[in-house]
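Here is the structure we will look at.
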Amino acid sequence: MKIAPSILSADFANLERDIRLVEENGADYLHVDVMDGHFVPNITMGANVVQAIRPITKLPLDVHLMVEKPEQFIENFANAGADIISVHIEATAHIHALLQKIKNFNKKAGIVINPGTPINAIQPVLTLVDQVLIMTVNPGFGGQKFLPETLTKVTEIATIKKNNNYSFEIEVDGGINEHTIRLAKNAGANIFVAGSFIYNAADPAKKMKILRTSIEDKL
């Protein structure tokens, strides 16, 4: 089970501090949300931010591209230091070639689906991916409420994985807290992206511990 704090909710004036805080408190990945103002109605960071944070953390950088024409950005993020690059099925008509391009840079490739996209849309390329990211909110903004209906898709992809002996990991992103993380875990997810729950708290380290306890609790 892996926790991937999203720096979308971090304090950008103190980004190094906020990255070190989660690293020191058990983060497994660092999730980087990239938005272009077109695919989603918000603008965030680019490859230059990934390049800037690469030297200050040993955590794998899990880059989530919420952009139109993602094929134009793969090389920049790969060269900047991304370890995992995930792209939306909804953002390209050439998903197979796009995933291959990520692999050609020796990076792990992830595929992402929005709440309104069915699992069967990504089935043809599941043999290529290292990670499947199920959006548990509509992408574009942090701090949204978890959509419980997305758990059905987590269960569905977990079943497909088991039945076909696939090796990809299952990630969820959006509205993750100490309650929804258990729901997602029980549905079959093993990577959990949390942003505002951690960074908007008075004590982010405590929130990290709460999330870890929630996924390790056997009850």
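The values are calculated or read from the model by the stated rules, or taken from the named source; none is laboratory data. Values in this document were obtained by computation on a predicted structure and should not be read as measured data. Quick reminder, even Gly has a Cβ in these numbers, built from the backbone with ideal geometry, and neighbours come from all protein chains shown.
Going residue by residue through region 151-174, is there one that turns out to be crowded, with 19+ Cβ neighbours inside 10 Å, in a loop (DSSP other than H, G, I, E, B) and at positive phi? Yes, some residue in region 151-174 is crowded, with 19+ Cβ neighbours inside 10 Å, in a loop (DSSP other than H, G, I, E, B) and at positive phi.
Tell me yes or no: at least one residue of region 181-191 is modelled with pLDDT under 95 and either closer than 23 Å to P60 by Cβ or acidic (D, E) (or both). No; the residues of region 181-191 include none that is modelled with pLDDT under 95 and either closer than 23 Å to P60 by Cβ or acidic (D, E) (or both). The residues of region 4-25 that are over 18 Å from V172 (Cα atoms), touching a residue at least 12 places away in the same chain (Cβ under 8 Å) and of a type in the set (G, A, S) amount to a single one, A10.
Is it the case that A184 is touching a helix residue (DSSP H, G or I) at 6+ places or on another chain (Cβ under 7 Å) and buried (at least 20 other Cβ atoms within 10 Å of the Cβ)? Yes: the conditions hold for A184.
Is there a residue in region 33-42 that is outside any loop (DSSP other than H, G, I, E, B), modelled with pLDDT of 95 or more, buried (at least 17 other Cβ atoms within 10 Å of the Cβ) and aliphatic (A, V, I, L, M)? Reasoning before the result, please.
At the first step, the residues of region 33-42 found to be outside any loop (DSSP other than H, G, I, E, B) are 33-36.
Right, trim to modelled with pLDDT of 95 or more and you get none.
Within region 33-42, none of the residues are outside any loop (DSSP other than H, G, I, E, B), modelled with pLDDT of 95 or more, buried (at least 17 other Cβ atoms within 10 Å of the Cβ) and aliphatic (A, V, I, L, M).
I191 satisfies every condition listed in (1) under 17 Å from the mean Cα position of the chain (by Cα); (2) exposed (fewer than 13 other Cβ atoms within 10 Å of the Cβ) except (2). A single member of A82, A52 is part of a loop (DSSP other than H, G, I, E, B) and farther than 23 Å from N138 by Cα, and it is A82. Among the residues making up region 175-186, those that are in a helix (DSSP H, G or I) and not basic (K, R) are T180, I181, L183, A184, N186.
Once region 123-142 is narrowed to residues that are free of Cβ contacts under 8 Å to residues at least 60 places away in the same chain, of a type outside the set (A, V, I, L, M, F, W, C) and in a loop (DSSP other than H, G, I, E, B), the residue that is surrounded by the fewest Cβ atoms within 10 Å (Cβ to Cβ) is T127. Restricting region 194-206 to residues that are over 18 Å from the mean Cα position of the chain (by Cα) and in contact (Cβ under 8 Å) with a residue 12 or more places away in the chain, the residue that is surrounded by the most Cβ atoms within 10 Å (Cβ to Cβ) is P204. With respect to (1) out of contact with any Pro (no Cβ under 7 Å at 6 or more places or on another chain); (2) surrounded by 19 or more Cβ atoms within 10 Å (Cβ to Cβ); (3) in a loop (DSSP other than H, G, I, E, B), the lone exception for A27 is condition (1). Of everything in region 106-122 that's in a loop (DSSP other than H, G, I, E, B) and surrounded by 15 or more Cβ atoms within 10 Å (Cβ to Cβ), which residue is nearest to the chain's Cα centre (by Cα)? This residue is N114. Given the structure, is T92 at pLDDT below 95, more than 14 Å from the chain's Cα centre (by Cα) and not hydrophobic (A, V, I, L, M, F, W, C)? Yes; evaluated as a whole, the condition is true for this residue.
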